[in-house]
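K.L.:
Below you'll find the structure I mean.
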Amino acid sequence: MHGRVLPTMLGIKLGNPNLSVIGFAGDGDTYSEGMEHFIHACRYNADMAFLVFDNRAFSLTTGQSTPTSPLGYKNKAEPLGEFNFPINPLKLALVSGATFVARCNAKDMNETSRIIEQAVKHRGFAFVELLEDCLIFNPSIKEVEGKMYKLDEKKRGMDEAMKIAGEWDYNSKSGKIPLGIFYREEKPTLEDKWPQLSDLKKKKVGWKGLEK
C-alpha cells in the first residue's frame, strides 16, 4: 500500500461511486513512489478526499529525506544533506486539476477538523496537506510555526491560489506560510463523466447491486 493509497481509493469509487471515500498518506509515499498516482487523481477529479500528513521525512524508516525535505536536511542515508530542492505539493495539485486544495497545521485541531469536514463535503477531488512535526527525525516545523497565518474564506481563482501557494517554498525559513483553503471549484467529476458510474449513482447501487 505504500504509495498506492490513491489507486485503492479510485478502485473503491469505481466499484461503488455512492460511497464516501477518504484516504490518508504521508509526504514520502505520496510524492515519491506515489507521485504519478497523485497527479492523475487530481486530473480525474473523482469525488473523494485525500489527506497528506507532511513532516518532510520518511519517519517510519528512520528519517530519510522526502520530496518536501529542505535543502541540506541530514539523515542516516544522506549524511552530507539533501541536495535536491523540495517540490511544492499545493502548486502541483493545482496545476494537475484538483478542485479543492487546502493546508492545515496539524496542531490546530479545531481548524484542521473544520477544513477536513469541508474537504469531505466538497464534490470532487479534495487535497488537504497537514503540516506536522516528526519529533525524532525532523522537528523543523517548530522553526517556521511563527510564519504561519490563516487565509480568509474568499473564493479565489487559479492565478491567485498559485501565487499564495508559492509564498512558502518548503525550504526557506523566511517568508510566510499560508494556512486554509487555497482553492475550491465545482467541476464535473469522474463519476459524472462516465455514464456507467453516473447510472450507478442514480440507482444508488454498486456494480454488485445491479440487476442482471
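The values are calculated or read from the model by the stated rules, or taken from the named source; none is laboratory data. The model shown is predicted, which means the values in this text are computed figures rather than measured ones. Don't worry about glycine lacking a Cβ; one is built from the backbone with ideal geometry, like all the others, and counts go over all protein chains shown.
K.L.:
Does LYS176 satisfy the criteria of being of a type in the set (D, E, K, R), within 19 Å of the chain's Cα centre (by Cα) and under 16 Å from ARG103 (Cβ atoms)?
P.N.:
Spelling it out, it is not the case that LYS176 is of a type in the set (D, E, K, R), within 19 Å of the chain's Cα centre (by Cα) and under 16 Å from ARG103 (Cβ atoms).
K.L.:
To continue, here is another question. If I filter region 45-74 down to residues being in a loop (DSSP other than H, G, I, E, B) and surrounded by fewer than 18 Cβ atoms within 10 Å (Cβ to Cβ), which single residue comes out as modelled with the highest pLDDT?
P.N.:
Checked region 45-74; the qualifying residue modelled with the highest pLDDT is LEU71.
K.L.:
Follow-up. Quick check, is LYS204 at positive phi and modelled with pLDDT under 95?
P.N.:
Taking the combined requirement at face value, the residue satisfies it.
K.L.:
Within region 76-90, identify whether any single residue is within 10 Å of the chain's Cα centre (by Cα) and either under 21 Å from LYS176 (Cα atoms) or buried (at least 20 other Cβ atoms within 10 Å of the Cβ) (or both), and answer yes or no.
P.N.:
Yes, region 76-90 has at least one match.
K.L.:
Could you pull out the residue among ALA77, ALA119 that is among the small types (Gly, Ala, Ser) and over 18 Å from ARG156 (Cβ atoms)?
P.N.:
Exactly one of ALA77, ALA119 is among the small types (Gly, Ala, Ser) and over 18 Å from ARG156 (Cβ atoms), namely ALA77.
K.L.:
Here is a further query. Working only within region 189-212, note down all residues that are exposed (fewer than 13 other Cβ atoms within 10 Å of the Cβ) and assigned to a loop (DSSP other than H, G, I, E, B).
P.N.:
If the condition is that a residue be exposed (fewer than 13 other Cβ atoms within 10 Å of the Cβ) and assigned to a loop (DSSP other than H, G, I, E, B), then LYS204, LEU210, GLU211, LYS212 are the ones that fit.
K.L.:
Return the residues of region 113-136 that are surrounded by 21 or more Cβ atoms within 10 Å (Cβ to Cβ) and either of a type in the set (S, T, N, Q) or within 17 Å of ILE164 (Cβ to Cβ) (or both); say none if nothing qualifies.
P.N.:
ILE115, PHE127, VAL128, GLU129, LEU131
K.L.:
Among the numbered conditions (1) in a loop (DSSP other than H, G, I, E, B); (2) over 24 Å from VAL144 (Cβ atoms); (3) in contact (Cβ under 8 Å) with a residue 40 or more places away in the chain, tell me where LYS13 comes up short.
P.N.:
Result: LYS13 passes all but (1).
K.L.:
Could I ask something else about it? So GLY23 fits all but one of (1) over 11 Å from the mean Cα position of the chain (by Cα); (2) within 24 Å of GLY124 (Cα to Cα); what number is the exception?
P.N.:
Result: GLY23 fails condition (1) only.
K.L.:
If a residue counts only when it is over 18 Å from the mean Cα position of the chain (by Cα), farther than 30 Å from GLU191 by Cα and modelled with pLDDT under 95, which helices (runs of 4 or more DSSP H) contained entirely in region 91-165 have at least 3 such residues?
P.N.:
Helices (runs of 4 or more DSSP H) meeting the threshold: 141-144.
Residue-wise test of (1) without any contact (Cβ under 8 Å) to a residue 60 or more places away in the chain; (2) in contact with a Gly (Cβ under 9 Å, 6 or more places away or on another chain); (3) within 23 Å of THR112 (Cβ to Cβ); (4) aliphatic (A, V, I, L, M).
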site: GLY157; (1), (2), (3), (4): yes, no, no, no
site: ALA165; (1), (2), (3), (4): no, no, yes, yes
site: GLY180; (1), (2), (3), (4): no, no, yes, no
site: GLU185; (1), (2), (3), (4): no, yes, yes, no
site: PRO188; (1), (2), (3), (4): no, yes, no, no
site: GLU191; (1), (2), (3), (4): no, no, no, no
site: LYS201; (1), (2), (3), (4): no, no, no, no
site: LYS204; (1), (2), (3), (4): no, no, no, no
site: LEU210; (1), (2), (3), (4): yes, no, no, yes
